[in-house]
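One structure below.
The values are calculated or read from the model by the stated rules, or taken from the named source; none is laboratory data. Quick caveat, the model's predicted, so the values are computed rather than measured. Ideal geometry is used to build each Cβ from the backbone, glycine not excepted, and the neighbour counts take in all protein chains shown.
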Amino acid sequence: MNATLATLVVAVASAAATVAAEAAPTSPAPVPGTLGTAIVVQDQASLRAAPRDGAQQQTVLWQGEVLEVRGERLDYLQVWDHKRERGGFVRASDVRRMALTEAEGPALLAVARFVQDTPGAEALGIGLIAAYLQAAPAQTLAGAEGAQAFDALGAFADRLARRASAAVPGKASGATLSAHLDVASGYGVRFATYEVEGRMQVCYDGEAFRRLLAMPAADAGQRARAALALTRPECINPDLPAHERAKVIAWQADVLERADVAGLPGYLRNRVQMRRASVWGATAFQQARKNTADPAVAAAAARALAEFAGVSRADLTDEDQSAYNDAAMRVSAVRWALVPSVAAVAPAGSRPALRTEPGAPGETCVLLVDAQHTAQAALLRRCTYGVVWMASASTNREGTAVALAVQPLEGWRELWVLRKSEGGWVADVLPPAPATPETGVAEWAGWVPGGQQMLVAREARGQGRYRKSFEVVRLDGLTTERVTGDVAALPLFQRWQDAGWKRQTLSLR
């Protein structure tokens, strides 16, 4: 067995190896001769002191756990639990006996594939794959069967992590999930846990998927599924510093490049392209934080838009609608990187113009100037650690308001409105939604003559809800006067929407 595969077999199938090893010194003497091992197939199976239903329960066993078989009594098996260092009897119907021989390998893989798409059977599936990795020879593991095993192992672990993340605290299912995670951890499957907005996000570390991507025998579908699992945006550590997060995003982009979408089914190709669009949008943002004028920013944004444009709406499944909307918002957040900034010109008369200058380390300061007010005595100065998309700046006909797109986070772009009031110029911020920032875009869509109103398109996901709206907003206080989900329902939108916005926006997709 080559070193790479041997390392993984030892890590993943440690429990199966343990039951084949010599018993611990504290265990009772084993029965002469080997009777193989058994994997628990039922949750809450009882390990009893005697082969009777009324015998004392030693402990509760969970699906996927491995036991050493030491004898048979009535319809019970006498077993030894190396994990708990305890022996007892378990009903034969609650376990599946295995010999862990090469001849048994195909049967183990077949059973694992059978339960691969069965929710709730993740711990059992991980145990079956661990047994298969122990039984199969190195030549088999290096081929198509080995790729299937790692694909299944990753799918089981990733789905178990998703179930744990979606679990409601205090529910009875919590004990079962906790036990299944413990079973998986016993096989060397590792999970990372993050706290996000008061809830726990559980993520599989992706070891099986990384191994799969390195295997020449892996097919296009397996590579695509592995790349998608490894690039889940919710599984990036939220506490990473900016420079480390940028490295992770660059790595994700590289992983997604290994997935060849040419021969994939339409729905799977869509998923890869939507993920690529999101990751390249994040790449454009990370590069723009360093220098918005860097050609790499526009290149990354163009790649994001191209991947999103390649998504086939006809092949979108119901469950992919959410990912499609999220990808659209993440691409839309950086779309101004594709529009060259107009060279600064001297403001004429009282009509305002925008300038930027560095502030504190990492800050960009926006200055509002006119013919009488230079940068040293600006009408307004406001600084931000976000990305200021200067190409988005638009001034109304009356010269009393300026709209500007500012992106403080990946996939979250706000609208700054600098307006003239009785006491001078003030800056208001219109977020995509009045909620904790997740994914969203607020876009200026046009000015309504009269200097009192503007048109805004907003799209956001927050607290598990998605909303897209087209609004007529009053400049004084940014209060919404009219709102609808159908742009055709607003006559002001039909008449005064900006032609450039209509041509470039993704809100009208």
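Things worth noting here:
- Test: residue in the range 116-128 that is of a type in the set (D, E, K, R), touching a helix residue (DSSP H, G or I) at 6+ places or on another chain (Cβ under 6 Å) and assigned to a helix (DSSP H, G or I): yes
- Reported count of residues in the range 247-298, each being in a helix (DSSP H, G or I), closer than 23 Å to Val406 by Cα and polar (S, T, N, Q), is 4.
- Taken as a whole, the condition of being of a type in the set (Lys, Arg) and touching a residue at least 40 places away in the same chain (Cβ under 8 Å) does not apply to Arg303.
- Gly88 meets all of the listed conditions (1) within 36 Å of the chain's Cα centre (by Cα); (2) more than 18 Å from Leu128 (Cβ to Cβ); (3) part of a strand (DSSP E or B) but one, namely (1).
- Meets criteria (on the phi > 0 side of the Ramachandran plot and touching an Asp or Glu at 6+ places or on another chain (Cβ under 7 Å)) for Gly446: yes
- Pairs, first closer than 10 Å to Gly127 by Cβ in the range 176-191, second part of a helix (DSSP H, G or I) and β-branched (Val, Ile, Thr), C-beta under 6 Å, six or more apart: Ala184/Ile126; Tyr187/Val12; Tyr187/Ile126
- Cross-chain or 6+ apart pairs with Cβ under 7 Å, the range 449-477 first and in the same structural domain as Glu438 (by TED's automatic domain parsing), then hydroxyl-bearing (Ser, Thr, Tyr) and assigned to a loop (DSSP other than H, G, I, E, B): Gly451/Thr400; Ala457/Thr505; Ala457/Ser507; Glu459/Ser507; Gly462/Thr436; Lys468/Ser507
- Checking Thr374 against (1) surrounded by 15 or more Cβ atoms within 10 Å (Cβ to Cβ); (2) in the same structural domain as Trp425 (by TED's automatic domain parsing); (3) farther than 30 Å from Ala242 by Cβ, the condition it does not meet: (1)
- Residue-level check: of (1) within 29 Å of Gly362 (Cβ to Cβ); (2) exposed (fewer than 15 other Cβ atoms within 10 Å of the Cβ), Gln286 misses just (2).
- Complete set of residues in the range 241-273 that are among the aliphatic types (A, V, I, L, M) and closer than 23 Å to Ala208 by Cβ: Val248, Ile249, Ala250, Ala253, Val255, Leu256, Ala259, Val261, Leu264, Leu268, Val272
- Some residue of the range 185-197 being among the hydroxyl-bearing types (Ser, Thr, Tyr), surrounded by fewer than 16 Cβ atoms within 10 Å (Cβ to Cβ), more than 15 Å from Ile39 (Cβ to Cβ) and under 22 Å from the mean Cα position of the chain (by Cα): yes
- Residues in the range 205-232 that are within 24 Å of Glu438 (Cβ to Cβ) and in contact (Cβ under 8 Å) with a residue 60 or more places away in the chain: Ala229 alone.
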